[in-house]
1. Which pairs turn up if I take residues in the range 195-207 that are touching a residue at least 40 places away in the same chain (Cβ under 8 Å) and farther than 16 Å from residue 137 by Cβ and look for partners that are assigned to a loop (DSSP other than H, G, I, E, B) and of a type in the set (Gly, Ala, Ser) with beta carbon separation below 6 Å, at least 6 apart in sequence or on another chain?
2. Could you run through the range 387-418 and say how many residues are more than 17 Å from residue 176 (Cβ to Cβ), crowded, with 22+ Cβ neighbours inside 10 Å, out of contact with any helix residue (DSSP H, G or I) (no Cβ under 9 Å at 6 or more places or on another chain) and of a type in the set (A, V, I, L, M, F, W, C)?
3. Give the residues of the range 293-306 that are buried (at least 17 other Cβ atoms within 10 Å of the Cβ) and closer than 23 Å to residue 336 by Cα, sorted by residue number.
4. Got a number for residues in the range 1-57 being more than 18 Å from the chain's Cα centre (by Cα), of a type in the set (Val, Ile, Thr) and modelled with pLDDT under 90?
Amino acid sequence: MNNKIKLAVAGAVLASASVANAGITWDAGEWTVDMNGNVNAFAIMNDSSDTTQASGGLANTKGNDSKSASINTGLLPSWLGFTATTRQNDIDTSVTISFQPGASTSALAGGGGSENRQAFLTFGDKSWGSVKVGKDLGIFGSTAILNDMTLLGVGSQGIVGTAGGTTTTLGRIGTGYIYADWNGQIAYTTPNMNGFQATLGLMQPWNATGDSGKTAAGADANDVSANSTGSTDEFGFQGQASYSWTGDFAGKAWAGFFSQEVTGLATANGATRGTGNGSESATAYEAGLSATVMNIGLVAYGYTGEGVGTTGLLRNGFDTTGKKRDSDGGYVQATYVIPMGTKLGVSYGVSNLDDNASDTANAINLVKSNTMLTVGAYHPLTKHLNLVAEYSNVEAESHLSTQGDTESDIFTVGAILFF
């Protein structure tokens with residue numbers, strides 16, 4: 001499978017060595033074409049202890065009914081990707097386009113949502129590196145999600161009020177790392193220098209977004225980030241450097257950053273907020289380590305930021321006065337492949353979001369932390385097909401002491417097939 005299809009490749013990496021790592025390839029003139037992807041679906045059963053939760057909370061709720069069930073794709077969407085490569089004038093070039101159909105359905109409404117996450121070209125040479133132009137997985141947070149064992153499963157169901165109806169679930173997004181997402185970018189990656197490699201990208205800037213907070217009395221308290229209309233007058237920047245090594249104790253260490261100027265911070269009535277000219281710089285930093293020894297795999301990751309919010313980049317990162325909220329989090333994970341080939345794993349992660357003085361003064365029901373414990377089993381029935389069973393416990397804690405925690409238990413079984 002071509003390594004430009006990053007998320008599909010990650011599934012093969014995370015499953016086991018027996019999972020297929022090559023797509024369907026053929027030659028077409030001067031080009032080599034690679035068709036690859038996956039199909040997956042899961043039976044998802046959710047049991048929630050509460051019917052309401054904090055703004056930004058990820059413990060699934062469903063009105064007055066605490067239980068829900070559905071058939072849905074997991075964190076990794078079903079995937080069909082095409083990559084064509086050639087070498088001309090001593091330059092390696094490629095183009096990648098992919099499609100992600102949803103597997104969820106609802107009565108009379110047809111299928112779930114579909115996406116187009118990749119459309120990019122690359123050119124370069126192993127002597128001086130490569131350049132990527134187009135839409136692909138973001139840089140900041142990318143290695144964190146590619147090492148997440150729930151990439152083969154479901155993890156958290158996310159913010160939606162029911163188990164189904166979405167293209168994907170959240171996995172560990174928002175409970176240990178911020179989503180890298182799919183960004184328009186112009187990025188340069190250095191050649192591999194004895195295990196060291198770095199990527200620096202000029203990124204499509206995004207608006208700050210967020211959920212409308214709730215006051216203690218239940219009235220809407222407009223979150224400035226939910227009403228922001230700016231952010232697109234300056235490019236964003238992302239980068240990551242890593243060092244990989246092989247041997248009996250193989251592994252990878254990495255560090256990255258995110259930076260973007262957020263402008264036009266405003267309340268619902270359009271009044272400009274923030275400091276000085278109404279703009280703020282959102283920044284975040286990350287570091288992680290993954291290692292394997294014998295049949296054991298270990299991952300440790302952490303991040304910290306100002307104005308980047310939680311779950312998604314720039315989500316809930318600002319209060320009603322345009323002031324940045326601090327956030328941090330991380331996750332740890334351990335897996336073990338038993339003799340029959342099944343990978344058993346356990347992981348725990350947390351994403352924290354600090355409140356500001358205006359949040360406290362307005363008694364906004366803002367999420368304080370989202371945590372998730374996941375236990376999973378991933379069995380390669382064939383070199384292409386994996387059976388998956390997971391249990392996840394998700395908790396969302398509010399900054400309001402009167403709100404209490406929201407909790408959901410998620411049980412899933414399903415299958416994922418790579419080609």
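1. Taking only residues 6 or more apart or on different chains, the pairs are 205/231; 207/228; 207/231.
2. The qualifying residues number 0.
3. Result: 297, 299, 301, 302.
4. Result for the range 1-57: 4.
Yes/no per residue for (1) closer than 30 Å to residue 129 by Cβ; (2) under 12 Å from the mean Cα position of the chain (by Cα); (3) at pLDDT below 95:
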residue: 165; (1), (2), (3): no, no, yes
residue: 169; (1), (2), (3): no, yes, yes
residue: 175; (1), (2), (3): no, yes, no
residue: 193; (1), (2), (3): yes, no, no
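The values are calculated or read from the model by the stated rules, or taken from the named source; none is laboratory data. Bear in mind that the values here come from a model prediction, so they are computed numbers and not experimental data. Glycine also receives a Cβ, built like all others from the backbone with ideal geometry; neighbour counts cover every protein chain displayed.
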